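Data block below; observations after.
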Amino acid sequence: MLRVRISSLARCAVNLLIAAVAIALVHSGTGYALDADQQQAKALLVELCARCHAVGRVGRSPHREAPPFRTLGERKLYDEDFAKRLRDGLNTMHPDMPTFHFNQRESEAVVSYLRAIQVSGKP
Ligand code: HEC
């Protein structure tokens, strides 16, 4: 009798532990999956933009005025002009930033990555 009770208690503790680990994983920022294109886009953004912008799911932008990419918002990212601006050069939007030109494929991957990390819900 006693043994049964102890083992069910133990099982309960194990379940709790599994739940805690699962929750920790989801909230650690590594719980989201990126496809190969999105990962490449992220690497590109880390290289080109990370000295000013927070590129990933967590962290602050090194440049005080540069918005973290995860807060750009769905509205901007679904705007056709945004991908076009990535290709035509981003220089117009920030004065203290060098001009970047992305090709068609890169600009699509970048937009896809940025959509994947937005903290706001779907529009
Ligand atoms: C030298 C610093 C610096 C670098 C490098 C930089 N940015 Fe910015 N960025 C800023 C600042 C400052 C702002 C906010 C002021 C503004 O909007 O002009 C900003 C704003 C933005 C915005 C929001 C405003 C808008 O016009 O849409 C986007 C999107 C953006 N940056 C994308 C990028 C991307 C993509 C890269 C890399 C290819 C990049 N930035 C690299 C400094 C930088």
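The values are calculated or read from the model by the stated rules, or taken from the named source; none is laboratory data. Keep in mind the model is a prediction, meaning the values are calculated, not measured. Every residue, glycine among them, receives a Cβ derived from its backbone with ideal geometry; neighbour counts consider all protein chains shown.
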Step by step: first the residues of the range 69-88, then only those that are part of a loop (DSSP other than H, G, I, E, B) and near the ligand (Cβ under 10 Å from one of its atoms), then the one that is modelled with the lowest pLDDT. Which residue is that?
Asp79
Among the residues of the range 44-59, are any surrounded by fewer than 17 Cβ atoms within 10 Å (Cβ to Cβ), assigned to a helix (DSSP H, G or I) and touching a residue at least 12 places away in the same chain (Cβ under 8 Å)?
no
If the requirement is being surrounded by 15 or more Cβ atoms within 10 Å (Cβ to Cβ) and either modelled with pLDDT under 75 or closer than 18 Å to Cys52 by Cβ (or both), which of these qualifies: Met93, Met97?
Met97
